[in-house]
Structures are given as structure tokens and as C-alpha cells.
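The values are calculated or read from the model by the stated rules, or taken from the named source; none is laboratory data. Quick caveat: nothing in here was measured; it's all calculated off a predicted structure. Note: ideal-geometry Cβ built from the backbone for every residue, glycine included; neighbour counts use all protein chains shown.
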Amino acid sequence: MASPTMKTTDLSIADVIDLGVLQRIQDTFAQAMGVAAVTVDRGGKPITKTSNFCRLCLLIRSTEEGLKRCQRCDAEGGRRALAMNRPYAYNCAGGLMDAAAPIMIDGHFVGSILCGQAIPDDAQENYIESVVRHNAPLGLPVDAIEDAAREITPLSRERFTAAVEMLSITANYVIEMGVARLAQTELLNQAQEQAALKVALQEAQLRAFKAQINPHFLFNSLTLLGYTALEEAAPRTERIAYDLSDLLRYSLRNISTQVELGEEFAMIRQYLEIQKVSFGDRLTFTVDLAPELVHFEVPCMIIQPLVENAVLHGAEPISRPVHIAVRAFSVDDRLVLEIADDGVGMPIEIAERINTGFYSGEGDSLGLQNVLYRLGVEYGAKFAAKAETAPDRGTCLRLSLPLEAAGVAATPSAEILFPGPVCNLIGNQLDFSAAGLNTLPSVAARFPSHLLDGSGSEHRIDNPVEDIVLEPLDTIPA
């Protein structure tokens, strides 16, 4: 295989991807798959916090030589994955099973996502002996190394294979998040300079931000995870896998379609159940839909981004329990959608902009901005939004829509000023569809993505790292 090549660049992951969103994706991946995970730059240095790291690896990285060796190993794993254009599984320099998937944005290799720190259940003793042999030269007590290695729950090779496949999906998702952010920035700059192209840009953004995940591969991987969890008597992991599969399948719908509120609220319940696994007793919720509204149709995916904002900005920053209430009811021939929490509270200036109809969010507020914009376009002056908030007492957001048949776009009101991208998303996380790629606008075409699909493209490593010994995964330590 030819040596990979790549454009020389100073581009970094932090330049094009929201590290907070990336951290949440990585944490969820590690928890669902039962492996450790970290995202690193080209040189193997972490750019996220570690997720689910075992005590053995923390012990190794506590030594200066061990940390350098791990970073060199992570960098080399990413380099080999780049050369193969797919996730690369290997035995790391510390003696454990690892896997790496490269992250390429706009033709640039910017880093890798890694997972593993695993020991196979069919060769546990051989791997433990290998771990001791690999790490004793670091000056660590042999007993401490072996004790830490035995704390690692052995993993079936089938389960590790499922984790590697899911790592590929995760890497592709991160790639497209970066591509979307580059394209979004360029498109918004052009929109400010060329106001006359507003309508054309809206249509271009809708195409540019559709799903690039292969649904067949995605759902097969999640189903494999569910079956594996069932075989291993892990009902909690099984439930997460199936809930996540349903949630992603729902999110891949065309956002221009109308859905019944009953479907939308069922998806909200699944999303909150997944979040509750992470938050435990810190998060409680109620989801209440008036029976007469079950079959009323609304634009797809208009509630979940707001619920995610309540979780991430209302509940996550504080340690005390938070309750989230999602309701839909009717008042005077109008539908009211209410998302309330008793958490941190929204900044007053954001609430004031929402209440005056001049909200244009930035960063993590993309989900809120997108929902308000879409509803403004759909219902025009018949749509209203109101936010009430108080520090450490929470936020209540109410959306008011006409209870007449939806589907015919109203003329936007002059007060609905929510400029920004129209995209299909799970909360603040963009999701993509291959259907739109053939008709990308010229701006978006400047940011080509390179998915891990096995296609043979030429790349060149900017800064080759020093080679270190990495054993093929099928090599069982002697």
C-alpha cells in the first residue's frame, strides 16, 4: 500500500469541532460500549478528557516514560489507521487491546479517536503476563501492575469488534461535524455580505447539513451491540443500544416532514431515558402529552433540541438533582409546547432576545436557534416563543403554535429574525445524509469530507511520528 499523503496545515480539531460536544459523544460511546476512549491530536496528545480509563493505564501514564510511550503509541495507531483508511485494532505498547480511527477534515489529518484498554476473555492470563512484561521496565511494582490488570473485566472479541465498528461510526460523525462547522461559517459569512442570496443559502444549507452516516451500517452495529449485551446478560447496555438505535433512526427523517406529536414525545422519552443512565438520581423527568393532541402533526425534531439544552445547560453544570418537565397542551385554539427545568437558569440576555423575537444563537445554542428559525418560517406571525428564567431556579420555554392543519408554510413575520443554518440534528449534534452530497453548493464543496469507507485516496502525514512496535491484534502474547 502506498504511503499516505496529506495537506500541510495548522488546522486542529479544536478549530472546527466544539470540544464540549465531542466530549459528550466520546463519553456516551465509552459508556455504551464498555471500553475506554480518548481523542488525540496528530502527535498523540489528548485534546479531550479521558473517558472510562482503567486504573492500569492511569498508573502507566503517571510515569514520565509511560506517558510518552502511550502518546507515541496513540499517534502511531492513528497513523496506521489513516494509512488503511479504516479503524485499526492492535495490541498497544502497554500490552492491552486498542483501536484507532483517524479524523480527517477538509483533506487534513487532524487527529484520532481511540478506544480499548481491553483484555480478551479467551486469553486473559496471557495478556496479564504480557502487561507485566511490557510495563515492569517503567519502574512500577510488578504486584501493582498485575493487580491493576486483573481489575479489568475481560471482554469477548465479538464485543470488542462491535466497539471498533462503533468507533468508525463515531469518527465519521466527528468528521462531518467539522465539515459542517467549516461550511456553516463560510455560508454565514457569505450571507452577511450578500443578503440577496438569503433564500438560496437556506436551501443550500439544508442540503449541506443532511446525514452522511450510512443507516444500514449504523443500525447493524447497534443491533450487534444489543445482541451482544443480551448474550452477556447486560440488560442496561441492551436497552441503551436499542433506545439509541430508535433515536438515531428517527433523527434521520427529513426535517421538512410533519410527524404526530405522539411520535415526537415517544422519542423525547427515549432520549431522556438514555440521559438518565448517565445522570442517575441527579435527573428526573416527566413527559406529559394531552390525549387530544397525540395525532396532531408538527415539524419533525422541534422538541428534542430544546430538551437537550435543558439537560446540558440546566442539569449538567450542577451537582444537585434537577427535574425536567416536557408538556404539550392546548389553550384557546393554540398548541403550547413547554420545556421546563429547575436547574441553572438561562442567561437573562438570551431570554430577552427570545421574548422579543430577535434571537440568533451561537455555539451550543445552535439547536435552539434552529428550532426557532424553522417554526418562524413554518408559521410566521402565528408562532410565538416565550422564555422565563431565574438564576439557580431554572428555565421555562413555551412555544405557541396555531391548532390548525400544519403543512402550508406561512409568510414569515418581520419580527422572526433567526438567521442561521437549517439542518437535521440530534440536539446540537448535526447529522448528515448521503442524498444531499451530489448537490452541495460551491462553498460547501470547498470542505470535502473523507469518511472511513475504504476508498483509496492519497494522504500525506504532516509530522511523521517515531515508529514504535505495535503487535497485530491476532497476535496472542507468548
field: Residue identified as of a type outside the set (Val, Ile, Thr) and surrounded by fewer than 23 Cβ atoms within 10 Å (Cβ to Cβ) among Asp15, Asp74
entry: Asp15
- request: Have a look at Ala180, Ala162, Ala123 and point out the one that is farther than 26 Å from Arg79 by Cα and either surrounded by 15 or more Cβ atoms within 10 Å (Cβ to Cβ) or modelled with pLDDT of 95 or more (or both).
  value: Ala123
- prompt: Which numbered condition trips up Ala89, out of (1) part of a loop (DSSP other than H, G, I, E, B); (2) in contact (Cβ under 8 Å) with a residue 60 or more places away in the chain; (3) within 24 Å of Ser156 (Cβ to Cβ)?
  reply: (1)
- prompt: Within the stretch 288-323, can you find the residues that are buried (at least 18 other Cβ atoms within 10 Å of the Cβ), touching a helix residue (DSSP H, G or I) at 6+ places or on another chain (Cβ under 7 Å) and not in a helix (DSSP H, G or I)?
  reply: Leu289, Phe296, Val298, Pro299, Met301, Ile302, Ile303, Val322
- request: Kindly check whether there is at least one residue in the stretch 383-401 that is at pLDDT below 50, of a type in the set (Asp, Glu) and not in a strand (DSSP E or B).
  value: no
- prompt: In the stretch 348-365, what residues are of a type outside the set (Ser, Thr, Tyr) and modelled with pLDDT of 80 or more?
  reply: Ile348, Glu349, Ile350, Ala351, Glu352, Arg353, Ile354, Asn355
- request: Can you run down the residue pairs with Cβ atoms below 8 Å, 6 or more apart or on separate chains, where the first is in the stretch 34-54 and assigned by TED's automatic domain parsing to the domain that holds Gly77 and assigned to a loop (DSSP other than H, G, I, E, B) and the partner is buried (at least 23 other Cβ atoms within 10 Å of the Cβ) and of a type in the set (Lys, Arg)?
  value: Gly34/Arg159
query: Taking only pairs six or more apart or across chains, which ones have beta-carbon atoms under 6 Å, a first residue in the stretch 312-326 that is in the same structural domain as Ile339 (by TED's automatic domain parsing) and touching a residue at least 24 places away in the same chain (Cβ under 8 Å), and a second residue that is surrounded by fewer than 18 Cβ atoms within 10 Å (Cβ to Cβ) and assigned to a helix (DSSP H, G or I)?
result: Pro321/Arg282
task: Starting from the stretch 255-266, take each residue that is crowded, with 18+ Cβ neighbours inside 10 Å and modelled with pLDDT of 90 or more and list its partners that are of a type in the set (Val, Ile, Thr) and assigned to a helix (DSSP H, G or I), counting only C-beta distances under 6 angstrom and pairs at least six apart or across chains.
output: none
